[in-house]
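Quick note: the coordinates plus some simple rules give every number you see, no bench work behind them. Note that this is a predicted model, so its numbers are computed, not measured. Backbone-built Cβ (ideal geometry, glycine too); neighbour counts: all protein chains shown.
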Amino acid sequence: MARVRLLRRLPLAAEAALALAVANLAVRLLSQPRIVRLLGEPVERMAGPPAYPGTRARLVAGAVTRVARFLPWHPACLPQAIATRWMLRRRGIECEAHLGVVATEPFAAHAWVSVHGTVVQGGPIGHASEIARLR
């Protein structure tokens, strides 16, 4: 039974690996403004309480997180957020990418993705103050 579930998720894992590879290259090769455009357009805070993001959104985000652990270059949070956003949008799932500042001395930032106000990938670290919300 476990093998059947693994085979069903294999295409998702392969897509996640490809998306992570492309996102990692984009982060290394593109300018900062172009990288931000990959995350989406800035938006205002969504109204209303967080809603359940759905099983598909959680499966996609989970696949990106799991695959990232096994890749030899260990993609950081920004390529993971970009890959997750691409994969969710490809499936027609509205999502938001977030950029936050974790520390200023030394500077450290973090990226994560939410669906309907609920974090599905990454998540704020400690007391990350959000600097951008992108759709």
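Stokes-Einstein diffusion coefficient for the range 19-116 at 25 °C in a medium of 0.890 mPa s, Rh from the Kirkwood formula over Cα pairs: what value in µm²/s? Kindly include the intermediate steps, with their values, before the conclusion.
Values: Rh = 14.2 Å.
The calculation lands on 173 µm²/s.
Net length available on complete extension from residue 118 to residue 51 is 23.5 nm, with 0.36 nm assigned per residue and the Cα-Cα distance removed. When 90, 56 are sorted by how many other C-beta atoms sit within 10 angstrom of their C-beta, beginning with the fewest, the order is 90, 56. Between residue 71 and residue 29, the FRET efficiency estimated from the beta carbon spacing at R0 = 30 angstrom works out to 0.95.
For the range 23-118, which GluC sites (Glu not before Pro) pass both filters: DSSP loop (anything but H, G, I, E, B) and at most 14 other C-beta atoms within 10 Å?
Details: sites: 44, 94, 96; in loops: 44, 94.
Taking the range 23-118 and a limit of 14 other Cβ atoms within 10 Å, the loop GluC sites (Glu not before Pro) found are 44, 94.
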